[in-house]
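Worksheet: the structure to be examined is printed underneath.
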């Protein structure tokens, strides 16, 4: 079999090609692209492997193989889990992105049983809470972005019709656990905006009542309170929670797609932000 012309596939993608070449077996292409998700070269990983897998998934190439592709991405979430500052993070982080594409595709075509989507959700949530390498941009290697890519995948779960009020509430708790974890470093590469967007996707389902969301906001607020310290920068502990609440308020204010609880939730967020920033908002 002829070798794969990856640069040609990349050019074809830019020119609107949405299906794989007929002269290569899809299974072989998928195996190669899955390995390439973990490549430390951003041109291979972020510029080739992920766009091809995401595009082919979106346009139905994997509809008959979606279960296998999603299960493979779940396996990718385990590769090197627990390591810090190693290249294994790329495989985990970009596997989460592709898994989100699989979930979104199923939301459109409904080819998988609810149990499979729920299983994918369990695997994704377990990885998101256990991930130890939360670097954003890695010099010379591009985006790792596990906190942001994982939030995108959680947003895909929130859009699934198989996630009801109980499952959506669990997603909120998972996000809060990640944001408030002492092991989460200060997120400074746009992650709070994407985390807030995942929260907004949960709220747009209109399945989680204000009586549940308000205590969740207060929990984030408690983690966002500045704590004076002579030995440690307090924003290392409170900065993520503050940034997520501000991002959620901004998106809730500007986004054209509003959850039903928007008016009351905006008031709740304003009160929290005033208490967090009394010097200039009280």
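The values are calculated or read from the model by the stated rules, or taken from the named source; none is laboratory data. Values in this document were obtained by computation on a predicted structure and should not be read as measured data. Note that each Cβ is placed from the backbone with ideal geometry, even for glycine, and that neighbours are counted across all protein chains shown.
Observations, loosely collected:
- Per the listing 97, 66, the residue uniquely under 21 Å from the mean Cα position of the chain (by Cα), over 25 Å from residue 132 (Cα atoms) and in the same structural domain as residue 152 (by TED's automatic domain parsing) is 66.
- If the condition is being farther than 15 Å from residue 30 by Cβ and surrounded by 18 or more Cβ atoms within 10 Å (Cβ to Cβ), then segment 58-79 contributes only 77.
- Restricting 86, 55 to residues that are under 25 Å from residue 124 (Cβ atoms) and surrounded by 13 or more Cβ atoms within 10 Å (Cβ to Cβ) narrows the list to 55.
- Exactly one residue out of 237, 228, 247 is in a helix (DSSP H, G or I) and modelled with pLDDT under 95: that is 237.
- When residues of segment 259-282 are limited to those that are outside any helix (DSSP H, G or I) and modelled with pLDDT under 95, the one farthest from residue 176 (Cα to Cα): 282
- As for segment 21-44, it holds at least one residue that is in a helix (DSSP H, G or I) and in contact with a strand residue (DSSP E or B) (Cβ under 8 Å, 6 or more places away or on another chain).
- Test: residue 72 is assigned by TED's automatic domain parsing to the domain that holds residue 152, at pLDDT below 95 and in a helix (DSSP H, G or I): no
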